[in-house]
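The values are calculated or read from the model by the stated rules, or taken from the named source; none is laboratory data. Given the structure is predicted, the values throughout are model-derived calculations rather than measurements. Here the Cβ positions follow ideal geometry from the backbone for every residue, glycine too, while neighbour counts run over all protein chains shown.
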Amino acid sequence: MGPKKGSGPSKGKAPAKKRPAPQVSPQPSSSDEESWPIWQELQGKILALEAQKSVQKVPTPSVVPRKSARESKGKRKAKLAALAQELMQRCDALESLQVTAGDEQEADEGPSAANTVAPRPRRGKAAAPELISPEVELQTESFLSEGPSATTSHPGDAPSTSGSASDRALQGACPRGQRSARGSSRGGLGDWREEASKAIGMALAPRTRKGYFAASVEFQEFRQTMQLEQAWPIPVEHLQQFIVSLYRRGLAPGTIQGRLSALAFVAKVNGFTDFSGDFRIKKMLEGWSRERGQVYDSRTPMSPSILQQLGEQWIKLCKDQYESALFKAATLVAFFGALRVSELVAMGRADTSCMALQLKDVLLQDGLLRIMVRRSKVDQSGKGKQLVLGKCSIRSICPVKAVQEFLEIRGQLPGYLFSHSDGSPLTKYQFWKVTDMALERVGVTGMKFGTHSFRIGAASTAAALGYSTDQIKQLGRWASSSYRRYIRPLPNV
């Protein structure tokens, strides 16, 4: 049978060509949807950077490949990973070219071109953190001193090949689009790091600064002894080993916390992460505190009766009347003013902090002794606090009378209030050494006296006389209920 009518091609006409179906570019599958915006963002960034570059032509990276119907999922992921690496390399190359062009322009134009984009810092081994200088004289000594080399993992810091250790410590990570700290000297600031270092040092009390330095050195020596890597930030495991060694030496948890505070300060001032507050560290200290139980302050408070007996010993112990009047006035002002020893006398012969009482801080007027405490342990900013002492009914221990007699011999030479006849200040060591000798002569045995016994005795005596809570807090300049730790029975002498 022949073909059906109309089924074959018409006679004399060319056969009609079949039109192919339009091909649609394959779209990313659901597994690539999360990665797709990344390629678009990188592609747009590279095109923007290429439009701005003017030094060297960098070939435009290839477009994001479209997946083929025959490609497997594993091949697509491999291609995407290779493309990501290529895009990042080209992006860094474009940025480097842009920075090179900016530096050349800045070299020609001078300081006016200080806003050129700086290169992005790389991850790497940074310089070792500096330890805290133990020097108290902040005007001449830098706050940070050179530290030993160490392996660090400071994010964002680039390896430093020149400059002092203080410079490297204060040079932090520089975000993209901002000039690094190394170029700041072109702006006219000069050696700003020294000024910054000095400011950081002045934020600490002199004793705290010395304590932090000692704790830093102790930790570095511990890691050397235990052959631990000098890594910064400090790994938590290193801190755990360190505090275990301190506890085995008999240190209290509170003392160990002080060591950790020093290490935390060193880490923060160098821009590292502080791990001293890690959960494991806290629980270790908490466990030791539970094991040891509450530790009570065993220092004996000074009392008016003991002060009366000490007054009879000054003439026997001191070489002349000047020294006798000096120690009598100092001990009475310490007791009735509830002063800390650092507020009363110099901490050493070389102490130039002027934190202790000066002659200008004392005023005798209308039978009252007015004392200005300019700085204290809890007042590092120097706001100051005025104390007013009145006359005592027992004339042998009256602070107003004792200071008046001492000033008549001392004269009006400016400087420390409690100073020797040659003008040198009465130091903490001299003050307590002579006082301790006088206590031995009195016959006080089996008691633990110290320089803080005067402040403890003032609070305990005020409580025994029926002073109110507010009056006791005002006497010792306490802002909280911590004064309660100082109230204890007076010694029966």
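General observations
- If you go through segment 238-287 and keep only what is closer than 17 Å to residue 212 by Cβ and of a type in the set (A, V, I, L, M), you end up with 239, 243, 246, 251, 256, 260, 262, 263, 264, 266, 267, 269.
- Qualifying residue in segment 390-399 (condition: touching a residue at least 40 places away in the same chain (Cβ under 8 Å), among the aliphatic types (A, V, I, L, M) and crowded, with 18+ Cβ neighbours inside 10 Å): yes
- Of the numbered criteria (1) touching a residue at least 40 places away in the same chain (Cβ under 8 Å); (2) buried (at least 18 other Cβ atoms within 10 Å of the Cβ); (3) part of a helix (DSSP H, G or I), the one residue 260 fails is (1).
- Evaluation of residue 449 against (1) outside any helix (DSSP H, G or I); (2) surrounded by fewer than 17 Cβ atoms within 10 Å (Cβ to Cβ) (one fails), failing number: (2)
- Of the residues making up segment 302-319, just one is in a helix (DSSP H, G or I) and surrounded by fewer than 11 Cβ atoms within 10 Å (Cβ to Cβ), namely 316.
- For segment 407-444, the tally of residues that are of a type in the set (D, E, K, R) and farther than 23 Å from residue 362 by Cα stands at 4.
- Some residue of segment 282-301 being modelled with pLDDT of 90 or more, of a type in the set (A, V, I, L, M, F, W, C) and either exposed (fewer than 12 other Cβ atoms within 10 Å of the Cβ) or not assigned by TED's automatic domain parsing to the domain that holds residue 256 (or both): no
- Where residue 475 falls short, out of the listed (1) in a loop (DSSP other than H, G, I, E, B); (2) modelled with pLDDT under 90; (3) touching a helix residue (DSSP H, G or I) at 6+ places or on another chain (Cβ under 9 Å): (1)
- Residue in segment 432-440 that is in a loop (DSSP other than H, G, I, E, B), surrounded by fewer than 15 Cβ atoms within 10 Å (Cβ to Cβ) and assigned by TED's automatic domain parsing to the domain that holds residue 345 present: no
- Some residue of segment 356-366 being of a type in the set (S, T, N, Q) and at pLDDT below 85: no
- Qualifying helices (runs of 4 or more DSSP H) (wholly inside segment 152-234; at least 1 residues being among the aromatic types (Phe, Trp, Tyr) and at pLDDT 85 or above): 206-225
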